[in-house]
Amino acid sequence: MLALVFWRLASFIPTLIVASAILFVAVNVVPGSAALSALGIHATPQALKRFEHQHGLDRPLAVQYVEWAGKALQGDFGTSFQNAVPVGPEVRKRIPVTLQLAGMAFVVAIVLAIPLGVVAGFRHQTGTDGVVTTLATLFGSTPNFWLATLLIWFFSLKMGWLPTGGYIPFGEDPAGNLERMLLPCIALGVVSSGLLIRIMRTAVIEVMSSNFIETARSKGVGDLRLVSFHVLRNALIPFFTVSAVEFGFLVGSVVIIEDVFRIPGIGSLVLVGIINRDYPVLLAAAMTVTVIVLIVNLIVDLAAQVIDPRQVRTGHGS
Amino acid sequence: MIRQLNWRRYGLVAVTLPVVALVFLAAALAPVIAPYDPFELDVLVMLQGPGENHLLGTDELGRDILSRVIHASRVSIVVGLVAVAIGATGGVLIGVLAAHFGGAVDSVLMRFMEIVFCFPAILLAVILMANLGTSVLNAMLAIGIIFIPGFARLTRAVAQTVQRQPFLEAAICLGVGPLRLVTREILPNVIGPVLVEAAVAFSYAVLLESALSFLGLGAQPPEPSWGNMINTGRGFIDQAPWISLAPGAALFITVFSFNLLGDGLRDVLDPKLHD
């Protein structure tokens, strides 16, 4: 067991290296564009050269990567091209915002997915199953930014019940924080529940076909007790293992939702980096999002193995 | 009994295929069926609600929403098709190679694919677009690259199953070369699952393209795309909600019917799942 945990942790390091290298290459895929965008299209060739030299952009990409990664490991993400402010503190300030949004949205998704998935799986191959499965596809097919727009239109502008966006830290004003987080979480959570309902349904169907369910049934265990005691407990483990993938998608979608609701999280920082062509900012923000996703996957992997050693995950199921 | 079973198997495809066909038809015949020129400004009818002259209303520049929604379907369809083609071609190639060679080639390729798969897709697309430059062509490329790992994993899994089948052993005994083995024995078995994945990937590509356009990183105005129309409409949502509603509904219907089509294809191609 300990060896397995160690192996998982060890294999996280190359994953992190490759992932960060991919991001670094993706951001720097067009050479020279950083200087051009920082200085504008009217910059002289000399000025561009000077800028590139100043920021070490004239060196080979591999050298730049190693230097960036070395500093990033110490929490130093360089300074913004735009305003020469260190990027690290800005990123750290935004992490809790995004984590709260993603976490609460995931809760919304789970609250929808577990009951619906259980009902569909328990009534497998019936009309109820068909309705729930279609509903899951419907949720999953909704563009989250469109849903967000509709939610703002209805709940904020028409009804005036909730603010249209913005952010207040939970510590300052818990009610104000939740008020502003509700619509973004619904927009993200409902769409994510689409896949989660299906995952839960599959997990329940799997458990339902086990011998011990038959035994329980023949002993006269009622439906409600069967679901709550036998099915749910066993289905939740595979559900959470697989749903970690969806959490990754959800964190990615934060980029759009934070923009729509003007939430100052990591996602909106990615966009700030893109709009300003501020590569240190973009890299730091994108890397943070990626690391969050990777760590969540790692934790779920480890937790699943500790809770249920039968679950040896080879890949990310879908 | 048999009839009922068949309806169960083909029902979803029978219901969704016409909708999908309609979307494709609208895209293909956009200039013919659109009632107005999608770029034509008419300040006299700015922000007009749905009515007799403009079925879905007009936008802030007096352009006909219906015509723009119809024309925008072209961007979505083309991006979807090309991105899926890129993803499927790349993925099938990598998957077949990984399955065929096995060993180190397999583990290196698949490990790499798994890491790319871990990336939040939209994040990778946004970054690629920001650097490749905002254009429809680059959107196809960025989205296509994202699809490669999914197709690769699927193809590898199917190819590995096929390789364990007796008929493959028989073919090898008969002296069939590796290239012929892949094209004649493995690929035909891969096509079914890849088709199902392609339908789902297509819907996701359409969704991603509109997300990019929504963020201003995809199709650039004045060229209409569902994403940039929804974004424009956000500014007028209080006075003219139809500007966002119409393209959003078109996007939603397209994605939904493609996802259902994917489910339906799965029923048709893999009847085992239904028993």
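Would you work out which of A:Ala136, A:His230, A:Leu183 lies farthest towards the positive end of the dipole of chain A, given +1 charges on the beta-carbon of Lys and Arg and -1 on that of Asp and Glu, about the Cα centre?
Value computed over the given set: A:His230.
Among B:Val45, B:Leu179, B:Ile77, whose Cα lies farthest out toward the positive end of the dipole of the stretch B:2-273, if unit charges sit on the beta carbon of Lys, Arg (+1) and Asp, Glu (-1)?
Checked the options; the winner is B:Leu179.
Report, in degrees rounded to the nearest 10, the 0 to 90 angle that the Cα long axis of helix A:266-275 makes with the longest principal axis of chain A.
That helix lies at roughly 40 degrees to the long axis.
Among A:286-297, B:208-219, what's the highest-first ranking by average C-beta atoms within 10 angstrom per residue? Could you put the intermediate results ahead of the total?
Numbers: A:286-297: 20.9, B:208-219: 27.7.
The most tightly packed comes first, giving B:208-219, A:286-297.
Taking R0 as 25 Å, what's the FRET efficiency between B:Phe101 and B:Leu174 from their Cβ-Cβ distance, rounded to 0.05?
Calculated value: 0.70.
Would you mind calculating the gained length between B:Ser135 and B:Asn189 on full extension (0.36 nm times residue separation, minus the Cα-Cα distance), in nm to one decimal?
Between B:Ser135 and B:Asn189, full extension yields an extra 15.8 nm.
Per-residue counts of other Cβ atoms within 10 Å, averaged by peptide: what ranking do you get for A:259-267, A:50-58, highest first?
Result, highest mean first: A:259-267, A:50-58.
Averaged per residue, what accessible area in Å² does the stretch B:124-262 show with a 1.4 Å probe, protein chains only?
Here the per-residue accessible area is 36 Å².
Just name one of B:Val19, A:Ser192, B:Gln160: the one whose Cα is farthest towards the positive end of the charge dipole of the protein assembly as shown (beta-carbon charges, Lys/Arg +1, Asp/Glu -1).
Towards the positive end, the residue furthest out is B:Gln160.
With +1 on each Lys and Arg Cβ and -1 on each Asp and Glu Cβ, how big is the dipole of the stretch B:1-131 about its Cα centre, in debye rounded to the nearest 20? Walk me through the numbers before you get to the answer.
Working: 7 positive and 9 negative charges, 160 e Å.
So the dipole magnitude of the stretch B:1-131 works out to roughly 760 debye.
Can you give the angle from 0 to 90° between the axis of helix B:121-132 and the longest principal axis of chain B, with both taken from C-alpha atoms, to the nearest 10?
With rounding to tens, the tilt is 70 degrees.
So what is the 222 nm mean residue ellipticity for chain B from helices alone, if each DSSP H run of at least 4 adds -39500 (n - 2.57) and you divide by all residues, rounding to the nearest 500 deg cm²/dmol?
-24500 deg cm²/dmol
If you roll a 1.4 Å probe over the heavy atoms of the protein chains, what accessible area per residue do you get for the stretch A:87-311, in Å²?
Counting only protein heavy atoms, the per-residue value for the stretch A:87-311 is 40 Å².
For the residue pair B:Leu47 and A:Arg262, what label-to-label distance in nm results when each label sits 7 Å from Cα along the Cα-to-beta-carbon direction?
The answer from the label model is 1.9 nm.
How large is the charge dipole for the protein assembly as shown, taken about the Cα centre, if only the Cβ atoms of Lys, Arg (+1) and Asp, Glu (-1) carry charge, to the nearest 20 debye?
1320
With no solvent and one equal point scatterer per Cα, compute the Debye intensity ratio I(q)/I(0) for the stretch A:186-318 at 0.12, 0.15, 0.19, 0.21 Å⁻¹ and report its log10, rounded to two decimals.
Evaluating at q = 0.12, 0.15, 0.19, 0.21 Å⁻¹ gives log10 I(q)/I(0) of -0.61, -0.82, -1.07, -1.18.
Taking R0 as 51 Å, what's the FRET efficiency between A:Thr128 and A:Leu73 from their Cβ-Cβ distance, rounded to 0.05?
Details: r = 52 Å, r/R0 = 1.01.
For A:Thr128 and A:Leu73, the calculated efficiency is 0.50.
Taking beta carbons within 10 Å but only from partner chains, what does the mean come to for residues A:134-141?
5
By average Cβ neighbour count within 10 Å, what is the ranking of A:213-224, A:137-148, A:158-169 from highest down?
A:137-148, A:158-169, A:213-224
Pop out the carbon and sulfur fraction of the accessible area of the protein assembly as shown as a percent, whole number, probe 1.4 Å.
68
How tilted is helix B:65-101 with respect to the longest principal axis of chain B? Cα atoms for both, answer in degrees (0 to 90, nearest 10).
20
Quick check on the stretch A:2-73: take the gyration tensor over C-alpha atoms, sort the square-rooted eigenvalues as a ≥ b ≥ c, and tell me if it's rounded (a/c under 1.5), prolate or oblate.
prolate
Round to a whole angstrom and tell me the spacing of the C-alpha centers of the stretch A:211-278 and the stretch B:116-190.
Distance between centres, Cα-based: 27 Å.
Assuming R0 = 35 Å, what is the FRET efficiency of A:Ala21 and A:Trp161, from their Cβ-Cβ distance, to the nearest 0.05?
That pair, A:Ala21 with A:Trp161, gives E of 0.15.
Taking Cα atoms of the protein assembly as shown, Rg/Rh with Kirkwood Rh, to two decimals?
On the Cα set of the protein assembly as shown, Rg over Rh gives 0.97.
At the nearest 100 Å², what buried accessible area, both sides summed, do you get for A and B when the probe is 1.4 Å?
Summing both sides, the interface buries roughly 4100 Å².
What is the mean projected area of the alpha carbon convex hull for chain A, to one decimal in square nanometres?
Working: hull surface 82.7 nm².
The directionally averaged projection comes out at 20.7 nm².
Through the Karplus equation 6.51 cos²θ - 1.76 cosθ + 1.60, θ set to phi - 60°, convert the phi angles of the stretch A:204-219 into ³J(HN,Hα) values in whole Hz; use x for Gly and Pro.
Coupling constants for the stretch A:204-219: 5, 4, 4, 5, 4, 8, 6, 5, 5, 5, 4, 4, 4, 4, 5, 7 Hz.
For peptide A:17-24, how many partner chain Cβ atoms fall within 10 Å of a residue's Cβ, on average?
For peptide A:17-24, the averaged partner shielding equals 3.
Only Cα pairs within less than 10 Å get springs; with that Gaussian network setup on chain B, which residue of B:Thr134, B:Thr161, B:Thr16 has the largest fluctuation?
Looking only at B:Thr134, B:Thr161, B:Thr16, the biggest GNM fluctuation is shown by B:Thr161.
For chain B, give the magnitude of the charge dipole about the Cα centre (Cβ charges: +1 Lys/Arg, -1 Asp/Glu; no others), in debye to the nearest 20.
It works out to roughly 1020 debye.
Determine the shielding of peptide A:146-159 by partner chains: average, over its residues, the number of Cβ atoms on other chains within 10 angstrom of each Cβ.
4
By what distance, in whole Å, do the Cα atoms of chain B stretch along each of the three principal axes, largest value first?
77, 54, 29
From the phi of every residue in the stretch A:10-24, what ³J(HN,Hα) in whole Hz does the Karplus formula 6.51 cos²θ - 1.76 cosθ + 1.60 yield, where θ is phi - 60° and glycine or proline is x?
5, 6, 6, 5, x, 4, 4, 5, 5, 4, 5, 5, 4, 4, 4
Hey, what number do you get for chain A at 222 nm if only DSSP H runs of n ≥ 4 count, each worth -39500 (n - 2.57), divided across all residues, to the nearest 500?
Numbers: 12 runs with 226 residues, N = 318.
Calculated mean residue ellipticity at 222 nm is -24000 deg cm²/dmol.
The values are calculated or read from the model by the stated rules, or taken from the named source; none is laboratory data. Nothing here was measured: the structure is a model prediction, and the numbers come from that model. Reconstructed Cβ throughout: ideal geometry from the backbone, glycine too, with neighbour counts over all protein chains shown. The accessibility values were calculated without ligands, DNA or RNA, using every heavy atom of the protein model including side chains. Shrake-Rupley method; radii C 1.70, N 1.55, O 1.52, S 1.80 Å.
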